[in-house]
Amino acid sequence: MNKIIQVALNFIRRNLNLKSLIYILFILLSSLIFFFISTSNLHSNLNENDLRVWDSNYSGAFLIVGLLWIIGIPFFVYLSFFLAKSISDEVSSGTALLILTRPVSRKEFILGKFFGITFFFTLINGIILFTLPPIINLLGVSAVYIPSLMLTSLALFFYGIILCFVFSAIGIFFSSTINKNLISVSLLFILIILSFFVPFIFSSMNKDIFFPLKPFSFILDLFPLKFTPSSISLIDSFFDSFYWSNTIIIANPVSPILFFLISFIFPVVTILFCLYLFSKRDIT
Amino acid sequence: MTDNILLIENLVKDFKKRKGTKRVLDNLSFFVRSGSIVGFVGPNGAGKTTTIKSVLDLIRPTSGQIHIFGKDNFQKEVKSKIGYMPEKDVFYEEMYPLEYLVYLGTLSGMDKEEAKEISLEWMKTMGIDTALDTKIKNFSSGMKKKIFFIQAVLHDPSLIILDEPTANLDPLAQEQLLFFMKSLAQRGSTILVSSHNIEELEKIVDYVVVINRGKLILDSPLEKLREESNKGIEVNVNNSALAAQILLNYRTQIIDKDTLIVDALPNEKNNILKLLIEYGLEIRSISTRKQSLWNIILEILKENE
């Protein structure tokens with residue numbers, strides 16, 4: 001366990017650098033812009049006296065920005081590149097040799113990387129998600145709405161952990177079995193697109209609607225989001241009003257068993273299979 | 001000096017290729033004695049790196065056994081007693097030297113403070129302690145090599161495996177590294193060093209293991225090899241023809257009027273000298289003719305082609 005922590009901490013330490021800072025700042029700034037654009041449009045159509053609706057709109061807009069952006073497209077691009085090179089680069093550059101010739105098993109090396117990446121991205125997402133509400137407050141939004149934004153951040157944060165857990169397992173599996181990073185990245189992208197966007201693309205082909213929200217929303221039904229009912233109900237109603245039919249919806253609602261299978265069993269099995277294959281291969 | 005610290009038995013490694021398999025190690029067997037420095041030599045593609053990586057459990061052999069300290073090579077207990085310096089310098093370039101060494105030291109089972117203290121000591125000894133605040137990526141190749149050497153010996157391993165340790169080093173730094181290798185062996189470490197620089201190996205090794213095409217060609221103490229490669233005694237006198245007559249009991253070859261070669265072992269040099277002096281010959285020089293290790297190995301390799 002000690003060796004796993006050491007490998008993980010080394011990964012986190014080495015990657016908390018200027019690149020990460022630029023990524024955080026870019027996501028923070030762009031999220032703020034998207035948030036204010038989306039809320040300014042909504043304000044004009046709402047009754048300002050209805051605080052509940054206001055709350056829903058702020059939280060809803062924040063959730064949409066979070067799902068599409070903070071733990072959405074840039075997150076997956078950044079994560080995929082990290083994952084694709086996580087093991088293959090260490091093996092091809094030779095740095096893995098120095099670790100694996102020490103009393104560190106291949107299992108510890110892979111698990112160290114897995115937990116390192118998961119914690120690294122959890123940390124980055126945490127910094128972004130929990131910094132945004134105070135900044136939004138500083139930029140003029142009343143403090144009354146900040147608790148609900150913080151709760152939305154918390155939900156997104158946990159959702160991010162699950163996404164990271166699942167995709168890190170798959171990414172590390174690709175990286176430890178495929179030497180070409182480009183192939184790993186491509187496969188990961190294909191998988192991400194398949195997971196989130198294909199059902200939507202099919203539906204949009206019929207109705208010319210582009211609002212890739214519902215595919216994400218399966219997680220919202222799984223999560224203990226009782227504390228943000230207004231946001232969820234807003235998203236659900238918002239989506240349903242635009243959506244062609246409810247027939248092409250990704251597992252919404254998903255059963256707890258399926259959620260458990262996707263979020264925990266699948267990554268664990270993937271990592272175990274990865275450990276088995278990595279233990280058999282030659283590190284040349 | 002008699003214990004076998006590393007024992008390789010009938011090691012076979014086949015690599016799968018698109019068209020069948022390629023045998024890189026072919027029933028390779030040899031052992032390394034405790035406290036010795038063993039030169040591991042062979043041409044490019046001989047299988048040296050594959051052997052080393054098999055010993056280090058990085059490559060899984062097709063068949064055969066590797067025992068280190070009498071145990072299987074993949075055991076953690078065994079790995080903690082091995083130091084390895086690969087041929088290619090590999091670093092986390094963004095790290096500082098001390099950070100890098102402490103990380104690898106702790107992975108070897110050292111306490112963080114201990115790793116820091118010993119790293120600093122080694123850096124001081126190697127003369128690179130002034131570069132503590134410089135990232136490794138900004139190091140010269142010589143400095144990188146020294147850091148790389150330190151990471152291999154930091155945890156005081158019993159078996160040190162060095163792959164081309166002095167490549168890209170200036171002569172002074174080469175000498176320094178050879179000195180440290182010799183010192184480590186004197187302190188009880190066993191060193192297996194793979195190098196193309198035979199002249200350099202000749203200065204420090206006790207044993208030479210030569211492989212070619214995955215097979216063992218030679219496993220011999222250096223001294224024995226030198227004795228066997230004796231090319232006679234060269235005598236420079238004022239009359240080589242007369243000297244040849246005096247040395248009738250020996251097979252001689254007259255090179256010119258002043259020089260002759262006597263087919264004799266080095267320990268007979270004094271007898272020859274005494275005999276020639278008795279007959280009143282003026283001896284200008286007398287020396288044993290030895291092939292360099294490089295030539296010896298080259299000949300062995302040619303014989304086995």
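Out of B:I254, B:I277, B:I261, I need the residue that is surrounded by fewer than 13 Cβ atoms within 10 Å (Cβ to Cβ) and β-branched (V, I, T). Which one?
Step by step, each of B:I254, B:I277, B:I261 is checked, and only B:I277 is surrounded by fewer than 13 Cβ atoms within 10 Å (Cβ to Cβ) and β-branched (V, I, T).
Go through B:L218, B:L177 for me and flag whichever is within 28 Å of B:K13 (Cβ to Cβ) and either among the hydrophobic types (A, V, I, L, M, F, W, C) or assigned to a helix (DSSP H, G or I) (or both).
B:L218
List every residue pair whose Cβ atoms lie under 6 Å apart, where the two residues are 6 or more positions apart in sequence or sit on different chains, the first residue falls within the range A:53-73 and is more than 10 Å from A:S38 (Cα to Cα) and of a type in the set (G, A, S), and the second residue, located anywhere, is modelled with pLDDT of 75 or more and assigned to a helix (DSSP H, G or I).
What qualifies is A:S59/A:S148; A:S59/A:T152; A:G66/A:L156.
Just give me the residues in the range B:120-149 being in a helix (DSSP H, G or I) and within 12 Å of chain A (Cβ to nearest Cβ), in sequence order.
B:I136, B:I147, B:F148
Kindly indicate whether any position in the range B:239-256 is in contact with a helix residue (DSSP H, G or I) (Cβ under 6 Å, 6 or more places away or on another chain), without any contact (Cβ under 8 Å) to a residue 24 or more places away in the chain and not polar (S, T, N, Q).
Scanning the range B:239-256, I find at least one residue that is in contact with a helix residue (DSSP H, G or I) (Cβ under 6 Å, 6 or more places away or on another chain), without any contact (Cβ under 8 Å) to a residue 24 or more places away in the chain and not polar (S, T, N, Q), so the answer is yes.
Which pairs turn up if I take residues in the range A:1-26 that are free of Cβ contacts under 8 Å to residues at least 12 places away in the same chain and look for partners that are surrounded by fewer than 16 Cβ atoms within 10 Å (Cβ to Cβ) with beta carbon separation below 9 Å, at least 6 apart in sequence or on another chain?
Within 9 Å, the pairs are A:R14/B:E94; A:N17/B:E94.
The rows are residues; the columns are (1) among the hydroxyl-bearing types (S, T, Y); (2) surrounded by fewer than 22 Cβ atoms within 10 Å (Cβ to Cβ).
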| position | (1), (2) |
| --- | --- |
| B:F15 | no, yes |
| B:V32 | no, no |
| B:S36 | yes, yes |
| B:P43 | no, yes |
| B:K48 | no, no |
| B:K53 | no, no |
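Which of (1) acidic (D, E); (2) away from every other protein chain (no Cβ under 14 Å); (3) touching a strand residue (DSSP E or B) at 6+ places or on another chain (Cβ under 7 Å) is the odd one out, the single condition B:E117 does not satisfy?
(3)
In the range B:270-305, which residues are modelled with pLDDT of 85 or more and either acidic (D, E) or assigned to a helix (DSSP H, G or I) (or both)?
B:N270, B:N271, B:I272, B:L273, B:K274, B:L275, B:L276, B:I277, B:E278, B:E282 - these are the residues of the range B:270-305 that are modelled with pLDDT of 85 or more and either acidic (D, E) or assigned to a helix (DSSP H, G or I) (or both).
Identify all residues within the range B:150-166 that are out of contact with any Gly (no Cβ under 9 Å at 6 or more places or on another chain) and assigned to a loop (DSSP other than H, G, I, E, B); write none if there are none.
B:E164, B:P165, B:T166
Which residues, counting only those in the range A:94-142, are more than 14 Å from every other protein chain (Cβ to nearest Cβ) and outside any helix (DSSP H, G or I)?
Matches in the range A:94-142: A:L139, A:G140, A:V141, A:S142.
Name the helices (runs of 4 or more DSSP H) wholly inside the range B:1-113 in which the number of residues that are more than 11 Å from every other protein chain (Cβ to nearest Cβ) is 1 or more.
Here the list reads B:48-55, B:97-107.
Yes/no per residue for (1) farther than 30 Å from B:G105 by Cβ; (2) crowded, with 16+ Cβ neighbours inside 10 Å:
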| site | (1), (2) |
| --- | --- |
| A:S80 | yes, yes |
| A:I87 | no, yes |
| A:I110 | no, yes |
| A:F114 | no, yes |
| A:T122 | no, yes |
| A:P133 | yes, yes |
| A:I136 | yes, yes |
| A:G140 | yes, no |
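The values are calculated or read from the model by the stated rules, or taken from the named source; none is laboratory data. Every value quoted in this text rests on a predicted model; they were computed, and no experiment measured them. Note: ideal-geometry Cβ built from the backbone for every residue, glycine included; neighbour counts use all protein chains shown.
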